[in-house]
1. Collect the residues in segment C:195-211 that are in contact (Cβ under 8 Å) with a residue 24 or more places away in the chain and open to solvent by 40 Å² or more (accessible area, probe 1.4 Å), keeping them in residue-number order.
2. When you check residue B:241 against the structure, is it free of Cβ contacts under 8 Å to residues at least 24 places away in the same chain, assigned to a helix (DSSP H, G or I), out of contact with any Asp or Glu (no Cβ under 7 Å at 6 or more places or on another chain) and closer than 23 Å to residue B:429 by Cβ, yes or no?
3. Checking residue B:55 against (1) more than 27 Å from residue C:158 (Cβ to Cβ); (2) surrounded by 13 or more Cβ atoms within 10 Å (Cβ to Cβ); (3) modelled with pLDDT of 90 or more: exactly one of these is not met. Which one?
4. Filter segment A:20-31 down to residues that are of a type in the set (Gly, Ala, Ser), over 22 Å from residue B:143 (Cβ atoms) and in a loop (DSSP other than H, G, I, E, B), then give me how many there are.
5. Among the residues in segment B:243-256, are any of a type in the set (A, V, I, L, M, F, W, C), within 14 Å of another protein chain (Cβ to nearest Cβ) and over 17 Å from the mean Cα position of the chain (by Cα)?
6. For segment B:406-430, which positions are within 26 Å of residue B:210 (Cβ to Cβ), open to solvent by 30 Å² or more (accessible area, probe 1.4 Å) and within 11 Å of chain C (Cβ to nearest Cβ)?
7. Take residues that are farther than 26 Å from residue B:101 by Cα and tell me which of the helices (runs of 4 or more DSSP H) falling wholly in segment B:308-407 contain 2 or more.
8. Just to verify a result, which residue in segment B:164-187, among those that are within 13 Å of chain A (Cβ to nearest Cβ) and open to solvent by 10 Å² or more (accessible area, probe 1.4 Å), is modelled with the lowest pLDDT?
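The values are calculated or read from the model by the stated rules, or taken from the named source; none is laboratory data. Here the structure is a predicted model, which is why all the values come from computation and not from measurement. Cβ atoms come from the backbone with ideal geometry, glycine included; neighbour counts cover every protein chain shown. Each accessible area value is taken on the protein alone, full model and side chains, heavy atoms only, with ligands, DNA and RNA left out. Shrake-Rupley method; radii C 1.70, N 1.55, O 1.52, S 1.80 Å.
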Amino acid sequence: MARTNEAERKGIGPLALLAPGEAGLVVGLSAGGLVRRRLLDLGFVPGTVLRAVRRSPLGDPTAYSVRGAVIALRAADANNILVRRAPESTGATAAAPDD
Amino acid sequence: MNPPQSPVTVADRVVASLYRRAESIAAKVIAPRSPAQDLTPVIDRLLTSRLTGFPIMLLTLGAVLWVTVVGANYPSQVLGRLLFDLQGWLSGAMTAAGAPAWLHGVLVSGVYRTLAWVVSVMLPPMAIFFPCFTLLEDLGYLPRVAFNLDAAFKWAGACGKQSLTMSMGFGCNAAGVIACRIIDSPRERLIAILTNNFVICNGRFPTLIALSTVFVSQVVQTTIGAGAAAALVVVGIVLTGIVMTFGVSWLLSRTLLRGVPSFYTLELPPFRWPQVGRVLIRSVIDRTVFVLLRAVAVAAPAGALVWVLGNTVIEGHSVIAHLAGWLGPLGRLMGLDGFVLVAFILGLPANEIVLPILVMSYLGSGMMVEMDSLESLGILLAAHGWSWATALSYMLFSLLHWPCATTLLTVWKETRSSRWTFAAAAIPTAVAVIVCTFVAGLVRLTGNA
Amino acid sequence: MVGHHHGGSPVSDGPTWADLGRAARAPGHPVVALAGNPNTGKSTLFNALTGLRQHTGNWPGKTVLLAQGVARHRGKSYTIVDLPGTYSLFASSVEESVASDFLCLARPDVTVVVADATCLERNLNLALQVIEVTDKVAVCLNLVDEARRKGCECDATMLEAELGVPVVATVATKGRGLGRLMDTVAGLNSGTITTRPKRVVYDPDVEEALAGIEPLVTRKLPPGAATRWLAVRALCGDMGALELVGDMSALELVDGTGGAVRKVTEGFGLGPAPSWPAARSTTSTAGGKSS
């Protein structure tokens, strides 16, 4: 619980929390195995800046702009990606995560 | 609630190294200029918004089908007249050459007439529908449809990529089944394979279009109005198939193929203006001619077989009439008749030839009509007791029944399991029988038709 | 049978690398593989090169089967193989397994990485992986016209210098640059063009681990296989990389290398790679066999 509170204080949460239009910085992946592998290959690498672009009319999935491509993830899968909300960032640039 | 972050693995660091290098190279070689306007986000907002996403999908489907129905009508008539004039000429030539009656029967009344039917009824709608569909495909609309519909697939316990395999199924179910390879989870792949048949393939489209045109035009008189109404009927049938896909997928994920949806991503590529000219040529060559040739190859022997069965008389009735007699009760239960079921069974090799076989067997039973237009099809069917309700049952049965032999063979190749291949035939058949019986019962109850 | 792939001859029935190699090789025809991300115009390029009427839609994953065709250039025939569009060669999906196994084990004579100039960084990720696999590689910088319209100019010469392999700018839809691309392919094949790929250097401890694993992988594979990349995959916990060995006592190899991986990763303070158990269960997918 302490962990969660601390995470919230730092503005860190699962990717699905980003509303369309909001940008975030990937700080880590909580999945293991094949899912982690696939997310990495798609460019969801810690340090990547991404942006939630739009949400499906049925509420799920959400499309994210990441490293020049638009990729849709279901909320359940997007929750494997931990991001820090970065209100003023645009585009994907390299930035080292500080944890 | 937040899941704990897993420790950084070697894989993470390897990928990070690769991306770091990619970033640094990209930063060096790309000279950023003033960003030009990119229309993709604007179009996407329209195509996937809560307000306009679904209406645009329905409108697009309706518009494509309307263009097909209205556009196919006239060339279909011209082609039909041309081919049936040729039949008269062929008949004359054979008689002059002193060919025996049975040979004339097999070749002209059997093979040629079936071929002429397949070509005149199938070619025009295919030549219009496929290019339209291909244009949408090349434009990049299909991933947007997948994006809009994904929640329904998740609900059904299926993979979102299933909408892409379904799109392939619009062309050909066998192609759709092969496309299921893109689905990584074996469970979800099987669901997609077993339900692909509920997407109307091009072998069945022309029949739907012909029947809806015939029976709608009896109610709506003006060409444009009738065209729109017929298109609406076809849209309804297509949507029924899609709803069935979700329903059966849902049922499968809770019974035979229990499980939860696995990880899935979908890329929404930028819209690219298709090379229209090339699309037209390619879709005509790749799809239209290809499918037509396949239909012709299957229709020729089927035409001969049907003629023989229709003209081999045992105890006063043709073989087809006997078969139709046996299947009659089941057919009538579903709002159809025995001849229709015989036609569907004989049409197993390819869906394209079911209606031609039916026409042949109706004609074989005594009625002689110049089969050169959709109107004459209407007259023939009406003479055999068809009403709009019969046409509806026929369309539903065509939508839902067992896949064609090519598709079944493909299912077997992909699954290497006779059990799943059997399921791929049995599940749709059961659904078809249940739905048609239900609809026919409803029609009887309400006293319509 | 199918409207979509009759243009090429699809390699069917489960893509095992041995099949792929056999199917692709025709005597006297160098094999040229086209690798690339989805939606880079790779299939359009394939059509343009081979002249085959193969339909290509604009959606990911459409090339499930390998389409192949023959391109003629200056009197010589080349077998062109259109690999599935993938983001990487780590074999975490069916498409990636097919592409990766073809490049690593079937060993085409020349590989062309088709990169989307409008989205270079993402495409470079794959290009960097491909130059790990082979020296005989060129990058086809496609869609340069669209990139220009979208306001990004890409310097092909500088990219060539950065990667150490030939880069040819093309617009496949209009056939622009294809002659130069095939000249480059011909030169790579005949050896008149040589490359000096600037490979990614991983973190020092990772490089050290790779040095330990590569000999183990080499021992079990046919000569010429892309051992460094397979070692990278193995180090990253991809059992599929090792399963490929097939009949050659795969288990022993898995144990041996698995142990080695665990030792080196622990030795460098990385802890045991958490992807091991999950990777083990994914090998059936990576092998491309349907249940």
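1. C:196, C:198, C:199, C:208
2. On the way: free of Cβ contacts under 8 Å to residues at least 24 places away in the same chain: no; assigned to a helix (DSSP H, G or I): yes; out of contact with any Asp or Glu (no Cβ under 7 Å at 6 or more places or on another chain): yes; closer than 23 Å to residue B:429 by Cβ: yes.
The answer is no for residue B:241.
3. (2)
4. 2
5. As a first pass, look at segment B:243-256 and keep what is of a type in the set (A, V, I, L, M, F, W, C): B:243-244, B:246, B:248, B:250-252, B:256.
Filter again for within 14 Å of another protein chain (Cβ to nearest Cβ), leaving B:246, B:256.
From what is left, the residues that are over 17 Å from the mean Cα position of the chain (by Cα) are B:256.
Yes, segment B:243-256 has at least one match.
6. Residue satisfying the conditions is B:406 alone.
7. Details: elements: B:319-333, B:338-346, B:354-364, B:374-383, B:388-400.
By residue number, B:319-333, B:338-346, B:374-383, B:388-400.
8. Here is the first cut: in segment B:164-187, the residues within 13 Å of chain A (Cβ to nearest Cβ) are B:164, B:184-185.
The next check asks that each one be open to solvent by 10 Å² or more (accessible area, probe 1.4 Å); those that pass are B:184-185.
Values: B:184: 80, B:185: 86.
It comes out as B:184.
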